[in-house]
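Input: a single structure, listed below in structure tokens.
The values are calculated or read from the model by the stated rules, or taken from the named source; none is laboratory data. Small disclaimer: the values here were computed from a predicted structure and weren't measured. Cβ placement follows ideal geometry from the backbone for every residue including glycine, while neighbour counts extend to all protein chains displayed. The accessibility values were calculated without ligands, DNA or RNA, using every heavy atom of the protein model including side chains. Shrake-Rupley method; radii C 1.70, N 1.55, O 1.52, S 1.80 Å.
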Amino acid sequence: MAGEQGSYRRIAVGEDAGNAVTVGIEAGSDGRPFAAVWWPASGDVDGDEAQYDDVASAFAAAEAARQLHGFAEVVVVLQDDLLWNPAWGEIAADRNREPIGDVSDTDLNSREVYNLARGIEGERDA
């Protein structure tokens with residue numbers, strides 16, 4: 001994945017990543033970000049973890065592990081939102097956390113989506 005930027009799903013600290021390789025990013029005592037890459041044991045694949053001083057190298061290693069071991073995706077855990085660097089890729093929107101669900105595959109137009117969301121927000125405020 002050298003030179004490429006991926007799109008990653010973010011998960012919460014402690015959340016089960018499922019069938020994924022995880023890149024955890026945190027700040028060292030000097031304030032610089034570093035990363036750990038890990039994956040769970042699955043079938044004939046042993047779980048493993050490695051530390052990286054360079055976050056971009058961690059993403060390259062995670063992608064290689066994903067391909068080698070057949071995991072579905074690479075996910076990200078951030079100690080702090082401010083640690084994310086867009087040079088590493090993008091954090092994909094988690095549509096499963098939308099209050100009305102994922103409406104991207106419906107035939108609703110933008111006005112109908114807005115009215116639906118406005119109605120839900122109105123009910124919350126009631």
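Here are the numbers for this structure:
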{"quantity": "Hey, A93 at pLDDT below 95, surrounded by 13 or more Cβ atoms within 10 Å (Cβ to Cβ) and among the hydrophobic types (A, V, I, L, M, F, W, C) or not", "calculated": "yes"}
{"quantity": "Any hit, region 38-47, residues being touching a residue at least 12 places away in the same chain (Cβ under 8 Å) and closer than 30 Å to E121 by Cα", "calculated": "no"}
{"quantity": "Residue list for region 2-15, filter: surrounded by 10 or more Cβ atoms within 10 Å (Cβ to Cβ) and modelled with pLDDT of 85 or more", "calculated": "G6, S7, Y8, R9, R10, I11, E15"}
{"quantity": "Residue, farthest from E26 (Cα to Cα), within region 43-66, restricted to residues that are in contact with a helix residue (DSSP H, G or I) (Cβ under 7 Å, 6 or more places away or on another chain) and not aromatic (F, W, Y)", "calculated": "V45"}
{"quantity": "Region 35-71, residues that are hydroxyl-bearing (S, T, Y) and open to solvent by 60 Å² or more (accessible area, probe 1.4 Å)", "calculated": "Y52"}
{"quantity": "Any hit, region 53-67, residues being acidic (D, E) and in a helix (DSSP H, G or I)", "calculated": "yes"}
{"quantity": "First in region 7-23 and assigned to a loop (DSSP other than H, G, I, E, B), second anywhere and among the hydroxyl-bearing types (S, T, Y), Cβ under 8 Å, 6 or more apart", "calculated": "I11/T22; N19/S42"}
{"quantity": "Meets criteria (modelled with pLDDT of 95 or more and under 30 Å from F34 (Cα atoms)) for Q79", "calculated": "no"}
